[in-house]
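The next block holds one structure in the form of structure tokens; read it before the comments.
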Amino acid sequence: MSPVPTVPADPTAVHPMSGQPRVVQLKPLVTSELIEVGAYSYYDDPDDATAFETRNVLYHYGPEKLVIGKFCALGTGVRFLMNGANHRMDGPSTFPFPTMGGSWADHFDLLTGLPNRGDTVVGNDVWFGYGSMVLPGVRIGHGAVIGAGAVVVGDVPDYGIVGGNPARLIRTRHDGETVARLLAVAWWDWPIELITRHIRTIMSGSVEALEAAAQEGTS
């Protein structure tokens, strides 16, 4: 009798968990050309998880992008603030009068050239805790953990754990040598069949076992 083939999870299923509409995979859900999400990254929200683009990505008037990698876990209430949230601070008032319309719109040139920190980029295998917030132009490394309620104002290193307001590095999940080895393995880029065969190694195995599994994929 031949072994039963392993079947990977479906990356195109908006609701991957039966009976749990609060969990959505983002890649098949998002429609904006300014948002890129890798396979299997998900968001959990008991209210309306499918409204992620409008409820959780704010002030996104373009042209900067939000890029989220593969296998990321986003807890309820995660918010990404984009560059459209910026206001002028070089004059007496920060109020954006031209956006209110009427003759005030004649002064829209006052809103051009506002600070723009560029794209917001999240690596692969990043875990966002409940209610965390990411400010414009931040880059978050692979394997990072963003603590609940954290306000991320600056870049986060690979496998870093940050928390607080403003978020500060608490520690890294692994030492520098181990981080380098994990980045070299880059399991998130493996063929999905290889990932499926080695779920237990990816979740609870050693770095050595992960490296051995990677070699299997090249043989």
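The values are calculated or read from the model by the stated rules, or taken from the named source; none is laboratory data. Everything numeric here is computed off the predicted structure, so don't read it as measured data. Using ideal geometry, Cβ is built from the backbone for each residue, glycine included, and neighbour counts are taken over all protein chains shown. Keep in mind that these areas ignore ligands, DNA and RNA; they rest on the heavy atoms of the full protein, side chains included. Shrake-Rupley method; radii C 1.70, N 1.55, O 1.52, S 1.80 Å.
List of remarks:
Matching residues to (1) under 24 Å from R79 (Cβ atoms); (2) hydrophobic (A, V, I, L, M, F, W, C); (3) touching a Lys or Arg at 6+ places or on another chain (Cβ under 8 Å); (4) open to solvent by 30 Å² or more (accessible area, probe 1.4 Å):
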position: H142; (1), (2), (3), (4): yes, no, no, yes
position: I146; (1), (2), (3), (4): yes, yes, no, no
position: A150; (1), (2), (3), (4): yes, yes, no, no
position: D155; (1), (2), (3), (4): yes, no, yes, yes
position: N165; (1), (2), (3), (4): yes, no, no, yes
position: T178; (1), (2), (3), (4): no, no, no, no
position: L182; (1), (2), (3), (4): no, yes, no, no
position: P191; (1), (2), (3), (4): no, no, no, yes
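- Of the residues in the range 46-55, at least one is surrounded by 18 or more Cβ atoms within 10 Å (Cβ to Cβ) and touching a strand residue (DSSP E or B) at 6+ places or on another chain (Cβ under 9 Å).
- Total residues in the range 200-219 satisfying the condition of being open to solvent by 50 Å² or more (accessible area, probe 1.4 Å) and either at pLDDT below 95 or farther than 19 Å from T6 by Cα (or both): the figure is 9.
- Pair list, Cβ < 9 Å and 6+ apart or interchain, from the range 193-212 residues that are over 20 Å from P11 (Cβ atoms) to residues that are surrounded by fewer than 13 Cβ atoms within 10 Å (Cβ to Cβ): E211/A184
- Members of the range 84-106 found to be open to solvent by 80 Å² or more (accessible area, probe 1.4 Å), in a helix (DSSP H, G or I), aliphatic (A, V, I, L, M) and closer than 21 Å to N116 by Cβ, listed by number: none
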